[in-house]
Amino acid sequence: LRKWQSPPDPSTNHNIAGDRQHEGTAEWFFESSQFENWKLTGSLLWIHGKPGSGKSVLCSAIINNITTLCEAGSASMAYFYFDFRDVDKKARRNLLPSLLIQLSTCSDAFCDILSRLYETHDKGARQPSDKALIQCLKEMLTLPNQGPVYLILDALDECPDTSGVPSARKQVLDLLKDLVSLRLSNIHIGVTSRPEADIRDALESLASQTVSLQDERGQKKDISSYVRSVVYSESSIFMRRWREEDKEHVIETLSERADGMFRWVFCQLEVLQKCLPQNVQRVLRELPNTLDETYERMLREIGKVNPDQAYRLLQCLTVATRPLYVDELAEVLALDFNRTKAGIPVLNSDWRWDDEQQGVLSTCSSLIVVVVVVDDGYSETRVVQFAHFSVKEFLTSDRLAKLAADCSRFHIRPEPAHTVIAQACLAILLRSNCNDTAESDSPLFDYAAEHWVDHAQFESVSLHVEDGMRRLFDPTKPYFPAWLESFNIDRPW
């Protein structure tokens, strides 16, 4: 059944969010009346907050809390993290198989229902429609004499609302409305998101319990506790030398100005932890007021050192078809876009980094992070991601485009970004030779072979890489058979 449905794995997001939780935080939430009422009654709990307010971390803590009930055999649970970075975690079509498979592992009765769906679709020869998957979920939830069932969805705002009629987000909101309308006393649905207008309009009437993070006193205490733990930790040689009154002033200032946003606090601490004692008060006076202003400051610092290289890495991360591995993104740093052949950049092996992670992180500052992901439960890979959803949102926003030139130069538009990554892919493919594996040893080769077409098909990108495409398709050159040997687009499996 799992192979048939091929659901995305939400546990990767869950583990990442859980690792970010500071010890002792979120206790206020588990002691709140909203949480207790949600567990006692079949209802929808909606937790919303500003960008960077720690919604995913809180969601992870909730899942861990409910897991104890599941391990005791007194409840069933399925969860899902929408993720702007992952194309497989952005829509209802991704959500439904994940929920069904997770529930099927909790109960033989649930598994039997999904098995019947498998049988009626020629034993997995055909894929079910969304309608069939929704009906399957409803059959599971309406089984008589079952215990509590928890469905927890994180970051609904990262489900896009920009394309399709209805949009991917509207489809999920309609699903939630459909499930709540069943009025099942044992079904507990939890949702976290930003308070976007369309989400607010849909969930305010559905939710019996609502939590606004920036208005919660417990959230403010958690932020203060987090700041204090960093300031008094031994990890920063600079902070250890601060005067006691400066430490307390930093804690007070950041706690007061955070407005419920852990992400804002984290960014300020990144700067402060490198601050000499004599500069602490000045840096505090110059703190940016918002996340936007914080990212502006980061971009200006990047612009002083390696602006072109950083911009290309950010462009690639924005439009990549799947999350990029560290060595794949680092390979872009070795491409000379000022020296081209048929309009395609030339690879300079001398520019490759021995420590690829250091090369990538040092180029883009705190805007990106490297996350260790476990593939298939065995091998570990290092994936590069934007440090937060708000980073990508800012880089692609009109707000950035309207700023001064030293910042607006980093504004990312889709077509130029797809062009850059298409050029990078073709640069690698045009080095390959099916008779010489040494020519195709680039870490970016597999991604290029499988996905360069996705980028070249975007809007007018193909016009910008036409000469490179002609070289790739030239029957007198070795590039085309080398590409097909690695990835046959007509028979990808």
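The values are calculated or read from the model by the stated rules, or taken from the named source; none is laboratory data. Only a predicted model underlies this, so the values are computations on that prediction, with no experimental measurement involved. Cβ sites come from the backbone with ideal geometry, for glycine too, and all protein chains shown count toward neighbours. Protein only, heavy atoms only, side chains kept; ligands, DNA and RNA dropped before computing areas. Shrake-Rupley method; radii C 1.70, N 1.55, O 1.52, S 1.80 Å.
Would you kindly give the portion of the calculated P(r) for the range 298-442 that falls above 24 Å, as a percent of all Cα pairs? Tail of P(r) above 24 Å: 33 percent of Cα pairs.
One Cα centroid belongs to the range 273-337, the other to the range 240-267; the line between them spans 22 Å.
Of the chymotrypsin sites (Phe, Trp or Tyr not before Pro) found in the range 159-254, those that fall in a DSSP loop while having at most 15 other beta-carbon atoms within 10 Å are Tyr232, Phe238. State the label only: which of (1) 24.9; (2) 24.1; (3) 26.0 corresponds to Kirkwood radius over Cα pairs in Å computed from the shown model? Answer by label: (1).
The GluC sites (Glu not before Pro) of the range 220-259 that DSSP puts in a loop, and whose beta carbon has at most 13 other beta carbons within 10 Å, are Glu234. What pairs from Lys247/Lys304; Lys90/Lys138; Lys3/Lys392; Lys55/Lys221; Lys170/Lys402; Lys89/Lys392 go past 23 Å between their alpha carbons? Pairs exceeding 23 Å: Lys247/Lys304; Lys3/Lys392; Lys170/Lys402. Heavy atoms of the protein chains alone define the surface here; on that basis the chain has 47 Å² accessible area per residue at 1.4 Å probe size.
Note on the range 378-485: Cα-Cα pairs beyond 22 Å make up 47% of the total pair count.
When His249, His411 are compared by accessible area of protein heavy atoms, the largest-first order is His249, His411, using a 1.4 Å probe. With θ taken as phi - 60° and the Karplus curve 6.51 cos²θ - 1.76 cosθ + 1.60 applied, the whole-hertz 3J(HN,Hα) list for the range 223-236 is 5, 4, 5, 5, 4, 4, 5, 6, 5, 9, 6, 9, 6, 9 Hz, x standing for glycine and proline.
Each of Ser362, Ser205, Ser104 has its accessible area taken with a 1.4 Å probe; listed largest first, they run Ser205, Ser362, Ser104. When the solvent-accessible area of the range 150-224 is split by element, carbon and sulfur atoms take up 45 percent of it, the probe being 1.4 Å. Bridgeable aspartates and glutamates around Lys341 (alpha carbons under 16 Å apart, same-chain partners fewer than 8 residues away excluded): Glu466, Asp467, Asp474. Panel values: the range 23-135, Kirkwood radius from alpha carbon pairs, Stokes-Einstein at 10 °C and 1.306 mPa s, translational diffusion coefficient 96 µm²/s. Along its three principal directions, the equivalent ellipsoid of the range 129-181 from the Cα gyration tensor extends over semi-axes of 24, 14, 8 Å, largest first. Sorted largest first, the principal axis extents computed over the alpha-carbon atoms of the range 255-366 equal 55, 31, 23 Å. Shape descriptor for the range 270-335: Rg over Rh equals 1.10 (Cα atoms; Rh from the Kirkwood inverse mean 1/r). Mean residue ellipticity, 222 nm, helices only, the chain: the sum of -39500 (n - 2.57) across DSSP H runs of n ≥ 4, divided by residue count and rounded to 500, is -15000 deg cm²/dmol.
For the range 72-169, rounded, prolate or oblate, judged on the Cα gyration tensor with a ≥ b ≥ c (square roots of eigenvalues), a/c < 1.5 rounded, else prolate if a/b > b/c? Judged from the Cα gyration tensor, the range 72-169 comes out oblate (a/c at least 1.5, b/c at or above a/b). Selection among Phe386, Leu141, Ile101 by position relative to the dipole of the chain gives Leu141 as farthest towards the positive end (Cβ unit charges, Cα centre).
In this structure, the amide hydrogen of Leu347, modeled 1.01 Å from its nitrogen in the peptide plane, lies closer than 5 angstrom to those of Asp336, counting only residues at least 5 positions away or on a different chain.
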